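Below: the structure, in structure tokens.
Read the figures in this text as sums done on the coordinates, not as results from a lab. Quick caveat, the model's predicted, so the values are computed rather than measured. Positions of Cβ are generated from backbone atoms using ideal geometry, with glycine treated the same way; all protein chains shown enter the neighbour counts.
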Amino acid sequence: MRLLLDTMCGGLRASLRMCGHDTAYSLDRDCEAGGEVLELVESEDRTLVTRNVQLAERVDESILLRERDVVDELGELHRAGVDLTLDESPAFCGACNGSLERVGPAEPTAEDAPDPRTEAVWRCADCGQLFWKGSHWERVAETLEAVRDG
């Protein structure tokens, strides 16, 4: 899915990106006002995720959240039909939503990153951040499984 999270829903960014959803965040786009958000939804053909009732009513494709806790919000998204399964090979940077590229075995990585010869490592083409399936990945996987099992 192509999603746009408004200013109230930014805590969902990383999880949705890890599930393979192209997830823009309005504050990352310097877009706070309702009209700007609507423009972005329209121009990029995205589904709006918001807790703002009036804003949701102005958009054809929107998901209105009522909860404030991220895990509860994920449950609402799941019930709305958003797939919350982690991608086997992540496509979007959890930090900036840029495209991830697999790091080659001979490419240098940060000291704290795994060796790309023995473990899959991805680099964001936009911000350069490295990703791998470590303990954070496992925690998110457990959370999403609990949300799906409801």
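Of note:
- Taking the Cα centre of segment 80-126 as origin and assigning +1 to Lys and Arg Cβ atoms and -1 to Asp and Glu Cβ atoms, the resulting dipole is close to 80 debye.
- Packing order of peptides 79-91, 102-114, 119-131, 15-27, highest average first: 15-27, 119-131, 79-91, 102-114 (average count of other Cβ atoms within 10 Å over each peptide's residues).
- Among beta bridges from DSSP that stay inside the chain, the antiparallel ones total about 40%.
- Dipole moment magnitude, nearest 20 debye, segment 1-135 about Cα centre, only Lys, Arg, Asp, Glu C-beta charged: 240 debye
- Shown in residue order for segment 138-146 are the 3J(HN,Hα) couplings computed by the Karplus curve 6.51 cos²θ - 1.76 cosθ + 1.60 at θ = phi - 60°: 5, 5, 5, 4, 5, 4, 5, 5, 5 Hz (x for Gly and Pro).
- Sequence-distant residues sharing a close amide H with Leu5 (under 5 Å, placed H): Ala24, Tyr25, Ser26, Val49
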